[in-house]
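Below you'll find the structure, written out as structure tokens, and then a few comments.
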Amino acid sequence: MNMKTSILIFLCLITTRLLSQDYGSVTQVEIDYKNCAFDKDASAVIFLDKASSTHTEEQQLITNRRIKFKILKESGIDKGNLRIVYRHRDDFEVIAELEAYVYNKDENGVGYTKVLDKKSIFREKINEYFTVIKIPLPEIKVGSIVEYQYKSIMKNYGGLRDWYFQEDIPTLFSQYDLTILPGAAFAFNVVKSSALNIDVKRFQEQGRIIFEMRNIAGLRDEPYMDAPRDYRQRVVFQLSEYQTYYGTKKKFANTWPDLARDLLQDEDFGRAIEKNIKGSDEVLTAIKAKSSDLEKMTSVYSYVQKNFSWNGIYSLYATEGLKKIWDKRSGNSGEINLLLLNLLKEVKLDAQPLLVSERDHGKVDASYPFVDQFNKVVALVIVNGKRYIIDATDPTTPVDMIPFDLLNTNAFLVAKKSNEVIPLSDNTRMLKNYTGMMSFIDEQGKVTGEVNSFSYDYSRLKRIPELRKKSAKDFISRYFLKEVTNVEIDSITINNRDIDSLPLEQKFHYSTLMPSSGEYRMVTLNLFWCPDKSPFISDNRFTNINFGCQVNNTLTQILKIPPTMKPEALPKSINLLMPDNSISFSRVMQYDAATNTITSQVKFQVIRTLFIPAEYPSVKDFYKKMVDLLNEPLVLKNK
């Protein structure tokens, strides 16, 4: 029997025993379990994640859930702090019958169980919609086996959630058992890797369906990663039909035009955009007097940005009504942007709602008209034939730029009979920085100099929020200093922070001491702008690399060395290219003996913003070579 067959038999044995045991029991197989055969880096493992959903006579959605896991490494101990998030608003959801225990062994190897003390449970309000139950479990350590279960009671099936088979740690067995509400129909979409199997069992007479998956590796965070939910194995649900009180059947969004129709007829969406907001006339009169449509759009956008605050809650709807939002001057993302659309239409601009999914929320699958794929509504405005995508909850993005989190995503235009899922991209704006350095080194190895850096487009856009929250020194430290450095900075000047049309200018003086060895002096040229280590260190990668937008960075350094020294080893001029030229790096080094000046110019560009996992080895290798080159020291020697 080979190793692979042995592992499969072992995993099947564990799964079989998990399915046969009741809550509260621990098997010898679980006690002896030390590491996950198909995910050896895992800090913990989920033995069982099982839920069943059904209904009451009052059409409530009742879900019983049971989870069992084990801590395998010190880094997994935090898993013992359980969290259950539920929707408290309007008493929509109640969590009941919560139980938990921890199984451990004492110093003599004798097993014992600690049952959760319910007095240790506390609830914390996240926002006006959601509350989190926090459960700090006792005596969590490596080897602990944890099991907990609870009941969720929701007012109706509108609360039906997607089922995720995959977490950030491996799962041996995951099952979701759903009984459909009589008279209702749910569309579902299974999102999974082709390498993994799913078992779907249908019981038509009972209106019941069971989804099962086994042996799923954990999905952990990776640098420049898309939204984790894009890669998690899951089942996505959406209500597609229900039976009304009178016995007639009504369908929901089976096609994109259906979705557009339903949203435009919704009182909290399309109808809200069309209603006149009492109290807005005075503001709109001044805006209507503007001479161009571009000025009108910019004025409306600026007014909502500056006068209405987002409460941090994502929504597609104006659940409280726009008049109340006008008076409160704050609301969720749907309320703020539907208000924006309302005012844009009031000044006679061509403005339509656009459903979007920010990159960290997940990709939009154009094959399925599921509204839950989107986490925001923004405004699409056409002025003089040019398209503008504007989001009034974003306090920094100028009107002529697509918000960074929406770049390279798909959006749905909500218009009559709309069947259009449109890509959002911008190949003219990028993460662009130009940095210049003038430096002097003395015979004792002390380097002093001035750095002047200009950040354009999305680089400027990403820095402005932090600049507004941090002191100038903390801001410079965040963007220019390495993790471990002996560099001192002072004389900081930051210009153009409030002028969108100009690059953000960052200037400062610095000083540092370079190490010596006998008559040699080692000078680090990679002090500020360039990375000193690669973000890509894992052997394997399971997700796309998504840079968001194109990158264009240039660093020019001029170093004046003392007349008593000369370069012994000058880093070489070099060009690095990916096979398709999608990423490039170049360095040009020059030494002028007449002035004892060394000039270095480094350029780094990313032309293609998305790389699939199969391309990861090439990207990893490129970054390693680039960082190694950047970290080559300039060696000076006494003449």
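The values are calculated or read from the model by the stated rules, or taken from the named source; none is laboratory data. All values reported here derive from a predicted model rather than from experimental measurement. Heads up, the Cβs are rebuilt from the backbone with ideal geometry, glycines too, and the neighbour counts pull from every protein chain shown.
Condition (residue is in contact with a Leu (Cβ under 7 Å, 6 or more places away or on another chain) and within 27 Å of residue 130 (Cβ to Cβ)) applied to region 284-300: is it met by at least one residue? Can you show your working first?
From region 284-300, those in contact with a Leu (Cβ under 7 Å, 6 or more places away or on another chain) are 284, 293, 296-297, 300; that's our starting set.
Cutting the leftovers down to within 27 Å of residue 130 (Cβ to Cβ) gives us none.
For region 284-300, residues in contact with a Leu (Cβ under 7 Å, 6 or more places away or on another chain) and within 27 Å of residue 130 (Cβ to Cβ): absent.
Say we look at region 435-469 and pick out the residues that are buried (at least 18 other Cβ atoms within 10 Å of the Cβ) and of a type in the set (Ser, Thr, Tyr); which of these is nearest to residue 379 (Cα to Cα)?
458
Having 1 or more residues that are among the polar types (S, T, N, Q) and modelled with pLDDT of 85 or more is the bar; report the helices (runs of 4 or more DSSP H) wholly within region 208-315 that clear it.
Values: elements: 256-265, 270-274, 281-288, 293-307.
In region 208-315, 256-265, 281-288, 293-307 are the helices (runs of 4 or more DSSP H) which contain 1 or more residues that are among the polar types (S, T, N, Q) and modelled with pLDDT of 85 or more.
Does residue 62 meet the test of being modelled with pLDDT of 95 or more, under 24 Å from residue 122 (Cα atoms), in a strand (DSSP E or B) and touching a Phe, Trp or Tyr at 6+ places or on another chain (Cβ under 7 Å)?
Details: modelled with pLDDT of 95 or more: yes; under 24 Å from residue 122 (Cα atoms): yes; in a strand (DSSP E or B): yes; touching a Phe, Trp or Tyr at 6+ places or on another chain (Cβ under 7 Å): no.
For residue 62, the condition - modelled with pLDDT of 95 or more, under 24 Å from residue 122 (Cα atoms), in a strand (DSSP E or B) and touching a Phe, Trp or Tyr at 6+ places or on another chain (Cβ under 7 Å) - is not met.
In region 454-475, how many residues are at pLDDT 95 or above and either at positive phi or assigned to a loop (DSSP other than H, G, I, E, B) (or both)?
Residues that pass the stated criteria total 1.
Identify all residues within region 299-326 that are of a type in the set (Lys, Arg) and buried (at least 16 other Cβ atoms within 10 Å of the Cβ); write none if there are none.
Filtering region 299-326 down to residues of a type in the set (Lys, Arg) leaves 306, 323-324.
323 - this is the single residue of region 299-326 that is of a type in the set (Lys, Arg) and buried (at least 16 other Cβ atoms within 10 Å of the Cβ).
Among the numbered conditions (1) modelled with pLDDT under 95; (2) within 30 Å of residue 190 (Cβ to Cβ), tell me where residue 327 comes up short.
(2) is the only condition that residue 327 fails.
Being aromatic (Phe, Trp, Tyr) and surrounded by fewer than 20 Cβ atoms within 10 Å (Cβ to Cβ) is the filter here; which residues of region 212-236 pass it? Reasoning before the result, please.
Restricting attention to region 212-236, the residues satisfying the condition of being aromatic (Phe, Trp, Tyr) are 224, 231.
Answer for region 212-236, where residues must be aromatic (Phe, Trp, Tyr) and surrounded by fewer than 20 Cβ atoms within 10 Å (Cβ to Cβ): just 224.
Return the only residue of 534, 600, 586, 573 being of a type outside the set (A, V, I, L, M) and closer than 15 Å to residue 619 by Cα. Break it down stepwise before answering.
On the way: 600 fails: closer than 15 Å to residue 619 by Cα; 586 fails: closer than 15 Å to residue 619 by Cα; 573 fails: closer than 15 Å to residue 619 by Cα.
It is 534.
Exactly one condition in (1) within 30 Å of residue 316 (Cα to Cα); (2) at pLDDT 95 or above; (3) not in a helix (DSSP H, G or I) is not met by residue 451; state its number.
The one condition residue 451 does not meet is (1).
For region 128-168, give me each residue that is surrounded by fewer than 17 Cβ atoms within 10 Å (Cβ to Cβ) and under 26 Å from the mean Cα position of the chain (by Cα).
Of everything in region 128-168, those that are surrounded by fewer than 17 Cβ atoms within 10 Å (Cβ to Cβ) and under 26 Å from the mean Cα position of the chain (by Cα) turn out to be 128, 130, 132, 133, 134, 158, 161, 168.
Considering only residues that are surrounded by fewer than 19 Cβ atoms within 10 Å (Cβ to Cβ) and of a type in the set (Ser, Thr, Tyr), which ones fall in region 540-581?
Those that are surrounded by fewer than 19 Cβ atoms within 10 Å (Cβ to Cβ) and of a type in the set (Ser, Thr, Tyr): 554, 556, 564, 573.
Does region 587-602 include one or more residues that are surrounded by fewer than 17 Cβ atoms within 10 Å (Cβ to Cβ), farther than 20 Å from residue 223 by Cβ, free of Cβ contacts under 8 Å to residues at least 24 places away in the same chain and not aliphatic (A, V, I, L, M)?
Yes: one or more hits.
Which fully enclosed strands (runs of 3 or more DSSP E) of region 535-639 have 3 or more residues being in contact with a Cys (Cβ under 8 Å, 6 or more places away or on another chain) and β-branched (Val, Ile, Thr)?
Fully inside region 535-639 and qualifying: nothing.
Per-residue answers, yes or no, for (1) loosely packed, with under 15 Cβ neighbours inside 10 Å; (2) among the small types (Gly, Ala, Ser):
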| position | (1), (2) |
| --- | --- |
| 51 | no, yes |
| 67 | no, no |
| 88 | no, no |
| 94 | yes, no |
| 102 | no, no |
| 114 | no, no |
| 117 | yes, no |
| 122 | yes, no |
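Would you point out which residue out of 343, 355 is assigned by TED's automatic domain parsing to the domain that holds residue 397, modelled with pLDDT of 95 or more and in contact with a helix residue (DSSP H, G or I) (Cβ under 6 Å, 6 or more places away or on another chain)? Let's see the steps before the verdict.
Working: 355 fails: in contact with a helix residue (DSSP H, G or I) (Cβ under 6 Å, 6 or more places away or on another chain).
Exactly one residue qualifies, and that residue is 343.
Taking interchain pairs and intrachain pairs at least six residues apart, which have beta carbon atoms under 8 angstrom, with the first residue in region 523-552 and within 30 Å of residue 637 (Cβ to Cβ) and modelled with pLDDT under 85 and the second among the polar types (S, T, N, Q) and outside any strand (DSSP E or B)?
532/526; 532/631
Just for region 410-448: of the residues that are assigned to a strand (DSSP E or B) and among the charged types (D, E, K, R), which one is modelled with the lowest pLDDT?
Restricting attention to region 410-448, the residues satisfying the condition of being assigned to a strand (DSSP E or B) are 410-413, 421-424, 431-441, 446-448.
Still in the list and also among the charged types (D, E, K, R): 432, 446.
Details: 432: 96, 446: 91.
Among them, the one singled out is 446.
Take region 89-147 and flag every residue that is free of Cβ contacts under 8 Å to residues at least 40 places away in the same chain, basic (Lys, Arg), closer than 23 Å to residue 63 by Cα and in a strand (DSSP E or B).
123, 125
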